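Enquirer: The structure is given below, and queries will be raised subsequently.
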Amino acid sequence: MSDTTGSTSPTERVPFEALVALLQRIFTRHGVAPEVARVLAHNCATAQRDGAHSHGVFRVPGYLSSLASGWVDGTAVPRVEDVASGFVRVDAGGGFAQPALAAARPLLVEKARAAGIAVLAIRNSHHFAALWPDVEPFAQEGLVALSVVNSMTCVVPHGGQKPLFGTNPIAFAAPCEGSAPIVFDMATSALAHGDVQIAAREGHRVPPGSGVDREGQPTTDPAAILEGGALLPFGGHKGSALSMMVELLAAALTGGNFSFGFDWSGHPGAKTPWTGQLLIVIDPDKGQGSAFASRSRELVERMQDVGVTRLAGERRYRERARAQVEGVLVGREELTRLQGLAGKV
Ligand code: NDP
Ligand code: PYC
């Protein structure tokens with residue numbers, strides 16, 4: 001990715017900690033509890049830092065309008081339940097998923113290390129972010145992590161006539177000897193909804209096969225997808241099956257809402273999907289001893305030997321390394337808007 005936020009507008013570079021502080025101030029000024037504001041600000045700044053612009057500061061207006069509409073509770077206190085040797089449940093209380101994960105994390109890791117595997121089922125939660133920040137830290141501690149989250153009805157299942165599924169991402173992280181973890185994070189729709197919004201804002205077409213208009217006809221016009229149209233799963237029936245799996249794991253299994261299971265029409269301004277999230281954390285040392293990370297390295301090297309020049313996660317790591325030296329890239333207009341929201345002149 002080039003040195004842009006995806007647009008041609010002027011940009012600035014902001015120190016990561018300054019961006020976190022700015023976002024934290026915005027969230028607290030808009031009624032979010034201090035600890036929740038800290039978690040959301042860190043998450044949002046992390047996505048921006050890594051060049052994940054569809055889930056960085058671009059999301060702030062959606063967070064704030066959801067909060068203002070009363071749809072999501074920025075002060076909810078997650079309730080963690082220790083339900084079995086390898087199973088933790090959290091009721092996020094109608095608040096955000098990330099503070100629920102943070103609250104349950106120590107118990108989840110303890111169980112994964114003791115039993116070799118542990119599941120975290122989050123329900124009654126709003127996830128409006130990229131998913132990789134939820135899994136990457138586990139791999140940094142030597143664990144393997146997989147997470148799924150469902151979102152809101154905007155994807156037509158393969159063979160269906162109307163949207164039903166969410167954009168339903170799957171994220172995976174695993175340690176790799178001698179490098180940062182291997183991480184991928186992908187929507188099961190052809191495009192993330194956020195990328196369609198960005199394409200509409202920037203006046204770009206989306207790739208053929210991404211979505212349909214309100215008549216169900218294929219379109220590359222992002223506005224037609226957003227205004228009465230819908231997205232398609234990636235890879236036809238295969239992506240559709242994965243999206244169905246996400247609905248089952250993130251909603252049916254956790255007790256959260258399906259992507260079609262909530263109605264936000266009574267809360268104008270609501271943007272955050274009220275669903276569920278599942279994490280599975282594995283201690284690879286219970287497999288082949290400490291060999292896992294070196295086997296990861298072997299696989300990566302073999303992929304490189306056959307010509308792979310870009311692994312999932314590498315673009316983000318490059319953006320991160322650059323941001324650490326030069327600061328996080330933010331659009332100048334966007335930064336001014338953020339400063340206004342934070343009450344800074
Ligand atoms: P992308 O299609 O941009 O990327 C998917 C994955 O493939 C990433 O891990 C990416 O790595 C990797 N990748 C991309 N291009 C290449 C390539 N040429 N070679 C090798 N690897 C590649 O992501 P999506 O558009 O599917 O999703 C964007 C974000 O939207 C995700 O973070 C997702 O969690 C989020 N999202 C959140 C939802 C929610 O409900 N909270 C719903 C849907 C999406 P890299 O990151 O290094 O580019
Ligand atoms: O980009 O598809 C998306 C999305 C949905 C909820 C948060 N992000």
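Enquirer: Only one of these conditions is not met by residue 203: (1) within 22 Å of residue 57 (Cα to Cα); (2) within 16 Å of ligand 2 (Cβ to nearest atom). Which number is it?
Expert: (2)
Enquirer: Here's a follow-up. Please verify whether residue 223 is closer than 24 Å to residue 97 by Cβ and of a type outside the set (Asp, Glu), treating the condition exactly as stated.
Expert: no
Enquirer: I'd like the full set of residues that are of a type outside the set (Gly, Ala, Ser) and in contact (Cβ under 8 Å) with a residue 40 or more places away in the chain, limited to the range 233-256.
Expert: Within the range 233-256, 233, 234, 237, 242, 244, 245, 246, 247, 249, 253, 254 qualify.
Enquirer: Sticking with this one: Search the range 51-62 for residues that are among the small types (Gly, Ala, Ser) and pair each with any residue that is in a loop (DSSP other than H, G, I, E, B) when their beta-carbon atoms are under 6 Å apart and the residues are at least 6 apart or on different chains.
Expert: Close Cβ pairs (under 6 Å, with a partner that is in a loop (DSSP other than H, G, I, E, B)) amount to 51/1; 52/130; 54/192; 62/271.
Enquirer: Examine the range 202-214 for a residue that is part of a loop (DSSP other than H, G, I, E, B), at pLDDT 95 or above and either surrounded by 22 or more Cβ atoms within 10 Å (Cβ to Cβ) or of a type in the set (Ser, Thr, Tyr) (or both), and state whether such a residue exists.
Expert: Yes, some residue in the range 202-214 is part of a loop (DSSP other than H, G, I, E, B), at pLDDT 95 or above and either surrounded by 22 or more Cβ atoms within 10 Å (Cβ to Cβ) or of a type in the set (Ser, Thr, Tyr) (or both).
Enquirer: Before we move on, is residue 312 in contact with a strand residue (DSSP E or B) (Cβ under 8 Å, 6 or more places away or on another chain), under 19 Å from residue 57 (Cα atoms) and within 16 Å of ligand 1 (Cβ to nearest atom)?
Expert: Numbers: in contact with a strand residue (DSSP E or B) (Cβ under 8 Å, 6 or more places away or on another chain): yes; under 19 Å from residue 57 (Cα atoms): no; within 16 Å of ligand 1 (Cβ to nearest atom): yes.
No, not satisfied.
Enquirer: A further question on this structure: Which residues, counting only those in the range 150-191, are surrounded by fewer than 20 Cβ atoms within 10 Å (Cβ to Cβ) and either touching a strand residue (DSSP E or B) at 6+ places or on another chain (Cβ under 9 Å) or closer than 21 Å to residue 50 by Cα (or both)?
Expert: Of everything in the range 150-191, those that are surrounded by fewer than 20 Cβ atoms within 10 Å (Cβ to Cβ) and either touching a strand residue (DSSP E or B) at 6+ places or on another chain (Cβ under 9 Å) or closer than 21 Å to residue 50 by Cα (or both) turn out to be 153, 157, 158, 162, 164, 178, 179, 180, 184, 186.
The values are calculated or read from the model by the stated rules, or taken from the named source; none is laboratory data. Predicted model only: the values in this text are computed from it and were never measured. All Cβ positions, glycine included, derive from the backbone under ideal geometry; neighbour counts span all protein chains shown.
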